[in-house]
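The values are calculated or read from the model by the stated rules, or taken from the named source; none is laboratory data. From a predicted model like this one, the values you see are computed outputs, not experimental measurements. As a convention, Cβ positions derive from the backbone with ideal geometry for all residues, glycine included, and neighbour counts pool all protein chains shown.
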Amino acid sequence: MKLDGKVAVITGGASGMGAAQSRLFVEEGARVVIGDIQDEKGEAVAAELGASVVYTHADVSAGEDLQSLMRSAIDRFGGLDVLFNNAGVALAEGEIIDCTEELFDRILATNLKSVWLGMKYALPAMVEAGGGAIVSTASIAGLRALRHEAAYGASKAGIIQLTRVCAIDYAERGIRANCICPGGILTPLIYDNPGRGGRRDPEELATQLADLQPIPRAGQPTDIAQAALWLASEDSSFVTGQAIVVDGGWTASARTPSRRRR
């Protein structure tokens, strides 16, 4: 029960890594407010997990929705101890000259601005309470260049730097900020994404992902959930401002996986 008595807000908690995080946080004693735009899925996760979870419709690129999400945690559960900025999009960009301004703005708003908004509206409650933990989902795309992912990579690199600034600004007020850089994780974002090629066979994709890194398997949402639990709990009380890479060794390896070329 590493989060016993804690209240957490999880954006993008209706599916994939966010849903895994919601389940694990509840198992560890937290009460959770899920924010997402996938209402049917979000309500199903909340119903599955019971009275410890509330679902709220939230467009993470809209400041008023993020404010409402934080208020939901305070009004329903009496406080806010943990924020997991997980919501994001991955869309087909093509090369830099192919990406439209509209698409670039959408990716940056959903992936990066949302993290800033989450911090902005969660921090006052955490400051008042004397502490808290903020965890955000970045990506290895924020650490190394991936083809055809200029906007996505820029948004994830921005999360890493935003996390560092938040960490040093609020350390003396008991608030820690860290982010996770996932590698090849088998989630609907990559196998059932209309904005990035549509439906792909999950088993075939898992085989391809297993070839990306030295650990010969696809990453799972629970791999990210366990890392986020550690960062949200007192087990990491001396850790802040860090980008924790969870990628099966992908970024540590010098080899070129045979199936990575597009």
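Got a number for residues in the range 80-94 being of a type in the set (Val, Ile, Thr) and at pLDDT 95 or above? Result for the range 80-94: 1. Starting from residues that are more than 17 Å from the chain's Cα centre (by Cα) and crowded, with 20+ Cβ neighbours inside 10 Å, keep the ones in the range 152-180 and report whichever is nearest to residue 35 (Cα to Cα). The selected residue is 175.
Let's see how each residue does on (1) of a type in the set (D, E, K, R); (2) within 29 Å of residue 202 (Cα to Cα):
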| site | (1), (2) |
| --- | --- |
| 1 | no, no |
| 14 | no, yes |
| 21 | no, yes |
| 27 | yes, yes |
| 44 | no, yes |
| 59 | yes, yes |
| 69 | no, no |
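Note on the range 1-79: enclosed helices (runs of 4 or more DSSP H) holding 2 or more residues that are at pLDDT below 95 and buried (at least 16 other Cβ atoms within 10 Å of the Cβ) are 16-27. For the subset of the range 92-110 comprising residues that are under 20 Å from residue 137 (Cα atoms) and either of a type in the set (Gly, Ala, Ser) or in contact (Cβ under 8 Å) with a residue 60 or more places away in the chain (or both), which member is surrounded by the most Cβ atoms within 10 Å (Cβ to Cβ)? This residue is 109. Can residue 144 be described as modelled with pLDDT under 95 and at negative phi? Yes, satisfied. Based on this model, can you work out whether residue 92 counts as outside any loop (DSSP other than H, G, I, E, B), closer than 30 Å to residue 146 by Cα and either in contact with a strand residue (DSSP E or B) (Cβ under 8 Å, 6 or more places away or on another chain) or small (Gly, Ala, Ser) (or both)? Answer is no for this residue. Counting only helices (runs of 4 or more DSSP H) that fall entirely inside the range 122-216 and contain at least 1 residues that are under 30 Å from residue 77 (Cβ atoms) and among the polar types (S, T, N, Q), the qualifying elements are 150-170.
For the range 216-229, enumerate the residues that are over 17 Å from residue 18 (Cβ atoms) and surrounded by fewer than 16 Cβ atoms within 10 Å (Cβ to Cβ). Correct list: 216, 217.
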